Each structure stands twice: as C-alpha cells, then as structure tokens.
Amino acid sequence: MSDITLNKLEEYVDICVVGAGHAGCEAALACARLGFNTVVFTVSVDSIALMPCNPNIGGSSKGHLVRELDALGGEMGKNIDKTFIQSKMLNVSKGPAVHSLRAQADKSDYTRSMRYTMENQDNLTIKQAEICKLIVEDNVVKGLMTGTGTTYYCKAVVLCTGTYLKARCLCGESITHTGPGGLSAANSLSEALREIGIKLRRFKTGTPARMDKRSIDFSKMEPQYGDERIVPFSFSTDPDSVQKEQVCCYLTYTNEKTHEIIRGNLDRSPIYAGIIEGTGPRYCPSIEDKVVRFADKERHQVFIEPEGLYTNEMYIGGMSSSLPEDVQLKMYRTVPGLENCKIVRNAYAIEYDCLEPNQLKASLEFKEINGLFSAGQFNGSSGYEEAAAQGLIAGINASMYLKGKEPLVLDRSEAYIGVLIDDLVTKDNREPYRMMTSRAEYRLLLRQDNADLRLRKFGHEVGLVSDDDYNKTLLKEEMIAKEVERLKSSPVGASKETQEFLRKHESSELRTASTLAELLCRPELSYDDLKEIDSDRETLPNDVIEQVCITIRYEGYIERQLSQVKAFKKMEKRLIPDEIDYDQVSSLRLEARQKLKQFKPVSVGQASRISGVTPADVSVLLVYIDAYNKSKGKIDE
C-alpha cells in the first residue's frame, strides 16, 4: 500500500465498470450510449469479450436471453451475427416456447469484433488495470483505486469481475493462480470488498481440453450441420445478410472404457481429493461428476466443435475435467475418433470468489451501498448469456441512478432476464446459476421469437433503442394484429374447391362453415398451404407470419397464461413497507422471519419466492401488511 499512496494521479468520470467480459462489455456500452463518461477496466485488453470455455452463443433458454438483450438495445446478438460460423435453431420438433437459437462463434473474431465496437464507442475508455480498492463514504460509492495507485472518482460503479477474483486453475496436482486461459487473476479486490461489508463465496467451473484438428478421425463421428436457412440473433440484422457457408460440428460418445479410467483415477481429481473448495455447476458437470452421479449411463455425448476458421483447435464439449494431464490423454483416447488425439490445451477447473447475490436489489444495485451495481458470473451465475443480460441491466440502472430515474426492473412475466435476476436475488443459490426454460413459469409468453414485441418498448424508453427500430416493431405489431383479425373473420364454406384442397393436404373435410383461422389450427395445414383458398392475402414478412401462426394456434394456452400473469402481477403490486419489523409479525415461523430479514423483499410476490417462506407465512404477512397500512392511513391499491 505504500507505493499506492505515493501516486497522486486522479481521474474524474461518471461511471466505472470493473471487468470487460460479456457482462462488462454490455454494461460499459449501455452507460456510454446513454451519454455517460465511462471507463471500463480489464486485467488484459486481450480478454475483452473473451470466450474462455465453449465457442458458442445461445442454446436452450440462453438463446432467449440473447434475443431479449438485443430487444433492449444490447450488443451480443449483433456481435454473434457478425462472427458465427454455424447456426442452428434447437428444439424445433417441440413447441415454440422452447425453440432456442444457438450459434458457433469464431472465438478470436468474436473478441476482435466486440473490442472494435468498444474502442470506437463515444464516451467509453478502455483501461488495462487491476482494481484493488473501492472508495465508499456514508454507504455511497465514490470511486475506486487501481493497483498502480491511480484514483478514479465516479458516481457509480458496476462490478463485472467474472471468474478472476482470487482465481486458481487446477489440472490434477498442478495448481496455477491465474484467471481463465492463463490470464492474470485479480488478487486484491476480494479483501477490499469484504472490508466494506460485502459477503463473498467460492464457486468453481471448468472447461474441457482443446484438440489438434489434424489428430481427430471425423469419419468415426456423426456430423452435425447448421440450418439451411439461418435465423439471425439480432432483430436489427437483415436475414439475407447472414446466409453463408457453415462449418460442420461432430458428435461422438464416451464408453465404459472411458468411465473405467475416470473411476480408477478419482483420487487424483482435485474435485474428489478435497483440493477444490468451491461448488461447481449442477447443470454443466465435469466428466468425473457425470460418471459418478450417473453411474447407470453407458455413455455420454461428446461434441467436437471448431474454435474458429483460422485455427485447428477443436473444443471437446461435454468432457470438462480437472484430472491430471496423463489421465486426460488416456480417457480422451478411448472416445471414437479421438484414439490418436493430441491435446493443445489441457482441461482444467477454475475456482474464484463471487458474490452472495441476496445482497442485491432487483435493479442489481447493492442494498447497502448506493451507486454500486454488480453483474455476471460475479453474481453467482454461469454462462456468457446470463452474464451479458445482467451486464446490460446493471449498465442501464447505473445510468438511471445518475439520471435520478426509476430503475428498469423486468419481472418474471415479462422476460427470461426477469426470471434470471429474480432467482439470483431471492433464492439462496449454492451453486453457479444456469438459465433453463423450465425456470420460467410463463415460457409460452416469453418466447425467443417475440422478444422484440415484449421488450423493445423498454429499450426505447431508456434510450438504447432508436426511434426507427422501435417504429419498425410497432409496425410489426400492427401487421400481426391486422392479419390475425383478417383470418378470424374470413369465412370458408364447405365448397367443392375447399373439400378438394383439404383432401389434397390429407385434412378432414368440412361439414359446416369455418374460418381461415380455424383451418390454420390444423397441424397438417400451414399458412403457405392456405394460400390456395385465400385470395385476399397480402405478402407479409416471415417474422410476421410466424407470430400470426403462433397467436392463432396457441390462443387458448396463451390466454390461460395471461390470466396466471394477472394473478402474479397482483401479488407483485402488494408492496412491503420499507420500515417493516419482521420480529413484530406474530405467527411468522422463525425460518421465514430470518429469511425475510436477510433478503428484504420489496413485494409479497418476491417474498413468496424466497426459499423457506411458505404459503402460510405469506398469508400471515398479507394480514399484517393490511393492518399496518390501515394504522398508517395508507390505502392499499
């Protein structure tokens, strides 16, 4: 500290963003685009938007997050549209609620493209430096200090430290105190955060080996091709501009020999030898965890994915590990197609400090420190997409804080982003949180295809979505409504022409008059098929037709979810007084009282989702709030 105190260099900015991973990039861009002088700090400018693990964006539920982020004015969707090398819509054999876009990225190109965007953004400065201290006075953040002693005074700070805090990478008995990919760890900030009362915990994640493409026999694997017609992530991207030749990925499997080698060397795995302290992700386990936890499985999927167009490195998806190098080579070489594989980069586990996110409000601002926000893996989540979504919200809300405006808080009925943040701040997550479609109660409403219709208005209100883009969304809404109404009001008689059309498409004949909308509900008939008996239709964009079909075919289910949302909203509007003393709420169980004091929910709805708070506790709370408001002369809405 003596060297730091000698440095008198001071800078004055509006907002500081700590970290330039996927969360930090979105936070910094949002702040700068909203007009604030922003500086983003990174341990290495080469790690901007780094993809230290899987080489893809999107996937089941994660594709929803990217689409929502784009609808709000974020950058990730635009960036992957520029840099993908294969794209595929997942779960197309299922209903539209679980359709999710996933794109393989050229890793280096993705990083390079995002860095170019950052470097050329007005109001944004990139600074390579490690942050060692936050300046907090009277529970208000005032700035921060770098490891070289420079002080940056600011009005808001967004922490996006990812997996760098006191990070250490483990490969068997080998332990290196670095961040992902051998980059420098951030070793000073953890203690500085604890000094100002922030509670941290230890999590871990991992990554598989990278192989030399020339050492892999792809003839023993199943090719995995991209979609024939590519759908872009960004609503602003012209679909015709992303149609291009795609690379091929491959699928292979582990076998009993693989599992034997793993079981025989568990004592050399840091996970099972007790060397690793942190908790790993349940839904993205290492191959060691898979073999132990799913002992009845004869094989596990292994995806072989290229890391880019100008490298021979191949990502071995599904086989992350922390076993020693010699064991890794043995186990990988039992997999069909990898018998002669050469490892370019060993698999490893990484441990890091992260936040107990119940210290945050739904706006991602700290409850006890005004102007301090947090996002990304530092909040205890996993995944590039979860990080980016939080980064955007934190950046928006840091800007709203400076503007003196209400924060943007999306609830569970409005966005997957709302589900993600609500789960983080209300649930006691003891492992890295991963987004899944099953976590969203209203997933039929929160589809990835309608993210613009749901969220463009919010992006426009805060100032990240242009008038032009918003007007396009309004026009799209108008076209959808008009076409749905036209189809519902277009009668179809049981004429000879109609019956011939139905027989041609192997659909049952009409016995009474119907409408075009009713015919569209038949699974064997498409919107294009109906053109033969629908002479009045106009030519509509594909995305409008998609929404028309979903709206008509799922109308009953959608109405049911909308009624559920209405009940949900009612509970969300029942606000809990800030000054409430839970010790005075008689009949509350001890566990519920402790949890409510710990999480400090703002509404009864939020309180009901806290683990340990039962429906009976909620009923007690409602009675108390009604009586409290009446005693204070407040009228409940």
Hey, does segment 464-483 have a residue that's open to solvent by less than 10 Å² (accessible area, probe 1.4 Å), aromatic (Phe, Trp, Tyr) and outside any loop (DSSP other than H, G, I, E, B)?
no
Yes or no: PRO601 open to solvent by 20 Å² or more (accessible area, probe 1.4 Å) and within 20 Å of LYS569 (Cα to Cα)?
no
From the options ILE545, ILE558, ILE580, ILE625, residue that is outside the structural domain of ILE480 (by TED's automatic domain parsing), closer than 30 Å to GLU485 by Cα, surrounded by 13 or more Cβ atoms within 10 Å (Cβ to Cβ) and aliphatic (A, V, I, L, M):
ILE558
For ARG67, which of the numbered conditions (1) over 19 Å from ALA32 (Cα atoms); (2) open to solvent by 30 Å² or more (accessible area, probe 1.4 Å); (3) of a type in the set (Lys, Arg) fails to hold?
(2)
For segment 288-301, give me the residue count where each residue is among the basic types (Lys, Arg) and open to solvent by less than 50 Å² (accessible area, probe 1.4 Å).
1
Looking at segment 317-338, which of the residues that are under 23 Å from the mean Cα position of the chain (by Cα) and under 11 Å from THR254 (Cβ atoms) is surrounded by the fewest Cβ atoms within 10 Å (Cβ to Cβ)?
GLY318
Any hit, segment 228-244, residues being surrounded by fewer than 20 Cβ atoms within 10 Å (Cβ to Cβ) and over 30 Å from ASP70 (Cα atoms):
no
Within segment 428-450, can you find the residues that are part of a helix (DSSP H, G or I) and surrounded by fewer than 19 Cβ atoms within 10 Å (Cβ to Cβ)?
SER438, ARG439, ASP449
Single match in LEU487, LEU540, LEU519, LEU502 (criterion: assigned to a loop (DSSP other than H, G, I, E, B), farther than 30 Å from ALA32 by Cα and either assigned by TED's automatic domain parsing to the domain that holds LYS78 or not aromatic (Phe, Trp, Tyr) (or both))
LEU540
Of (1) assigned to a loop (DSSP other than H, G, I, E, B); (2) out of contact with any helix residue (DSSP H, G or I) (no Cβ under 9 Å at 6 or more places or on another chain), PRO601 satisfies every one except (2)
Residue that is nearest to ILE610 (Cα to Cα), among those in segment 423-451 that are among the charged types (D, E, K, R) and over 13 Å from the mean Cα position of the chain (by Cα)
LYS427
Pick out the one residue from ILE135, ILE131 that is in contact with a Gly (Cβ under 9 Å, 6 or more places away or on another chain), at negative phi, at pLDDT 95 or above and buried (at least 22 other Cβ atoms within 10 Å of the Cβ).
ILE131
Only residues that are open to solvent by less than 20 Å² (accessible area, probe 1.4 Å) and over 15 Å from the mean Cα position of the chain (by Cα): list them for segment 409-422, please.
SER413
Confirm whether TYR225 is under 22 Å from THR311 (Cβ atoms) and not assigned by TED's automatic domain parsing to the domain that holds GLU431.
yes
Would you pick out the residues in segment 72-91 that are open to solvent by 20 Å² or more (accessible area, probe 1.4 Å), touching a residue at least 60 places away in the same chain (Cβ under 8 Å) and not hydrophobic (A, V, I, L, M, F, W, C)?
LYS78, LYS88
Can you tell me which of GLU339, GLU277 is at pLDDT 95 or above and not in a helix (DSSP H, G or I)?
GLU339
Only one residue in ASP81, ASP122 is in a helix (DSSP H, G or I) and either in contact with a strand residue (DSSP E or B) (Cβ under 8 Å, 6 or more places away or on another chain) or not polar (S, T, N, Q) (or both). Which one?
ASP81
Failed condition for ARG503, given (1) open to solvent by 30 Å² or more (accessible area, probe 1.4 Å); (2) among the basic types (Lys, Arg); (3) closer than 30 Å to GLN564 by Cβ
(3)
Can you pull out every residue in segment 138-157 that is buried (at least 16 other Cβ atoms within 10 Å of the Cβ), of a type in the set (Ser, Thr, Tyr) and assigned to a strand (DSSP E or B)?
THR146, THR151, TYR152
Filter segment 178-218 for residues that are part of a helix (DSSP H, G or I) and open to solvent by less than 50 Å² (accessible area, probe 1.4 Å); the one that is nearest to ALA167 (Cα to Cα) is PRO180
All but one of (1) under 16 Å from THR473 (Cα atoms); (2) open to solvent by less than 10 Å² (accessible area, probe 1.4 Å) hold for LEU453, so report the exception by its number.
(2)
Suppose the filter is open to solvent by less than 10 Å² (accessible area, probe 1.4 Å), touching a residue at least 40 places away in the same chain (Cβ under 8 Å) and of a type in the set (Val, Ile, Thr); does ILE304 pass it?
yes
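Quick grid of which residues meet (1) at pLDDT 95 or above; (2) assigned to a loop (DSSP other than H, G, I, E, B); (3) closer than 24 Å to ARG168 by Cβ:
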residue: SER234; (1), (2), (3): yes, yes, no
residue: SER241; (1), (2), (3): yes, no, no
residue: THR252; (1), (2), (3): yes, no, no
residue: PRO281; (1), (2), (3): no, yes, yes
residue: ALA295; (1), (2), (3): no, yes, no
residue: THR311; (1), (2), (3): yes, yes, no
residue: MET331; (1), (2), (3): yes, no, yes
Go through segment 485-501 and count every residue that is in contact (Cβ under 8 Å) with a residue 24 or more places away in the chain and more than 41 Å from the chain's Cα centre (by Cα).
6
Entirely in segment 1-74, the helices (runs of 4 or more DSSP H) that have 3 or more residues that are under 14 Å from the mean Cα position of the chain (by Cα) and under 19 Å from TYR110 (Cβ atoms):
22-33, 62-71
Of the residues LYS457, LYS476, LYS504, LYS482, which single one is charged (D, E, K, R) and in contact (Cβ under 8 Å) with a residue 40 or more places away in the chain?
LYS476
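The values are calculated or read from the model by the stated rules, or taken from the named source; none is laboratory data. Note that the coordinates shown come from a computational prediction; the quantities given were computed from them, not determined experimentally. Every residue, glycine among them, receives a Cβ derived from its backbone with ideal geometry; neighbour counts consider all protein chains shown. Note: accessible area is taken over every heavy atom of the protein model, side chains too, but ligands, DNA and RNA are not part of it. Shrake-Rupley method; radii C 1.70, N 1.55, O 1.52, S 1.80 Å.
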